[in-house]
Amino acid sequence: AGPGCSPCSRKMGSLWLWLWLWLLLASWLAEGARKGRDNILLILTDDQDLELGGMFAVTPLCCPSRSSILTGCYPHNHLVRNNSLEGNCSSPVWQKFQEPYTFPVYLQKQGYQTFYAGKYLNQVGNSKYYNYTLSANGREEKHGDLYEEDYLTDLITNRSLAFLQKLSRPPFLMVLAPPAAHSPWTAAPHYRSAYSTVKAPRNGSFNVYGKGQRKVLAITYATGIGIFHPMALMGPIEWQTLLSVDDMVEKVLLQLKSLGLLDSTYVFYTSDHGYHTGQFSLPIDKRQLYEFDIRVPLLVRGPGIKANQTHLEPILNIDLGPTFLDIAGVNISLTPMDGQSFLPLLVNKTHSSGWRSDFLVQYTGEGCSGKDPRCPALGPGVSQCFPDCVCEDAFNNTYACVRTLNPINLQYCEFADAQVHPFLSLKEDKEESREESIYVECEPSTGPDREFT
């Protein structure tokens, strides 16, 4: 105000200044609130592999992988070794020292309403479709074998819809973890005839004994040829279970749309780890260091993400938690998470040249300290044995790998029994049937004195 202005004019000028400052502050607060109001939906399937594109799991087994997803940490930091309680799967130690730092806890502190339905960790619920017990907010809830009331994938769907319908306010975090496509591969009644004329895929490594490939397990191979195992043809019945997951995705997204929440919700679809069905003559399971066990699908939609994008940067399952925290406006550097947010990649706020080019893959083998009664000749140290004494795991199936994609697509692994899996050039051989590596006959291993769970 100049010398000729009246006291009234000067007073009005001060009021306008304060009003302008208030509006600016309100704008800043609104921007801060906006960063934390977007909703998050994670759909996490079980044993759904993907060799092309997608995401990497840093360990190929349920409990360690899900612990990595929850904590955003590598296995050597969250210390979950395998699916057994002795392997720290949802142990009292894990609950005390790791669970308080999982992404749902951080989001609850940011005011998110949280909903988790389905498989959590293996010692707290397994992949069953019927005849299971739920913990419904700490209350035991038993279920039988009636499709309309008990089929777990549909039950998760229905309860997620009810949660959304009763939602008092956003933001929310919802994690849906159906049993599909895990064994026993029980499809909904109306999907049991699906894919009846479809054969399981038989790619270049199917039923092939990998020449020079490291033999980490007590698996009996014919010399130089593959061994057919009937359990390796699981594809169609696995896919049948996933049709109910398709229904889940459709119903939940339609519910979000009808409630006006879809445009403010980030949706993530992935799996805990991959699966093999006959590659390298391995019957059915995971736990191995190969692409078919560590590659999983990753599909994302949400605010600011353009449609029909494909990112080739190596995303890890330990990146999910940091990404969720980034959406909520949490400073990830103040957490113990090893992963990094890939939200800037999705919304084009950063250049991919700054992204990681290598990462770790780790696993601690699970075996029995005593002999398997069905296969006593194999000695101690093995587990996950089929009746014909083909075993999918052992104490010495313990490894750490460095996987690099840029500038060269390579993998290097070392095992706890001092055997080395040398550099592999993965190139464009999608089936990895031409990998050059070392196979060593496994002696009966000794391991910690523990029982297999």
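The values are calculated or read from the model by the stated rules, or taken from the named source; none is laboratory data. The model shown is predicted, which means the values in this text are computed figures rather than measured ones. With ideal geometry, Cβ positions are generated from the backbone for all residues, glycine too; neighbour counts draw on all protein chains shown. These accessible areas exclude ligands, DNA and RNA; they are computed on the full protein's heavy atoms, side chains included. Shrake-Rupley method; radii C 1.70, N 1.55, O 1.52, S 1.80 Å.
Side notes on the structure shown:
Table: residues versus (1) within 24 Å of Ala416 (Cβ to Cβ); (2) at pLDDT 90 or above; (3) in a loop (DSSP other than H, G, I, E, B).
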site	(1), (2), (3)
Lys251	no, yes, no
Lys257	no, yes, no
Asp263	no, yes, no
Val267	no, yes, no
Thr270	no, yes, no
Gly274	yes, yes, yes
Leu282	yes, no, yes
Gln288	yes, no, yes
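- Residue in the range 58-69 that is open to solvent by 80 Å² or more (accessible area, probe 1.4 Å) and either at pLDDT 95 or above or within 26 Å of Leu325 (Cα to Cα) (or both) present: no
- Residue within the range 175-187 that is polar (S, T, N, Q), open to solvent by less than 90 Å² (accessible area, probe 1.4 Å) and touching a residue at least 12 places away in the same chain (Cβ under 8 Å) present: yes
- Meets criteria (open to solvent by less than 60 Å² (accessible area, probe 1.4 Å), part of a loop (DSSP other than H, G, I, E, B) and more than 27 Å from Leu85 (Cα to Cα)) for Pro303: yes
- Breaking point among (1) under 30 Å from Ala416 (Cα atoms); (2) buried (at least 16 other Cβ atoms within 10 Å of the Cβ); (3) modelled with pLDDT of 95 or more, for Pro336: (2)
- Any hit, the range 158-166, residues being within 22 Å of the chain's Cα centre (by Cα), among the polar types (S, T, N, Q), crowded, with 17+ Cβ neighbours inside 10 Å and more than 23 Å from Ile40 (Cβ to Cβ): no
- Filter result (more than 15 Å from the chain's Cα centre (by Cα) and open to solvent by 20 Å² or more (accessible area, probe 1.4 Å)) within the range 70-85: His76, Asn77, Leu79, Arg81, Leu85
- Among the candidates Leu343, Leu360, Leu320, the residue that is open to solvent by 40 Å² or more (accessible area, probe 1.4 Å), under 24 Å from the mean Cα position of the chain (by Cα) and either modelled with pLDDT of 85 or more or within 28 Å of Glu99 (Cα to Cα) (or both) is uniquely Leu360.
- Within the range 389-405, not a single residue is outside any loop (DSSP other than H, G, I, E, B), without any contact (Cβ under 8 Å) to a residue 24 or more places away in the chain and of a type outside the set (S, T, N, Q).
- Filtered residues of the range 401-415 (kept if open to solvent by 20 Å² or more (accessible area, probe 1.4 Å) and within 22 Å of Trp355 (Cβ to Cβ)): Val402, Thr404, Leu405, Asn406, Pro407, Ile408, Asn409, Leu410, Tyr412
- Counted residues, the range 241-268 - those being among the hydroxyl-bearing types (Ser, Thr, Tyr) and surrounded by 20 or more Cβ atoms within 10 Å (Cβ to Cβ): 4
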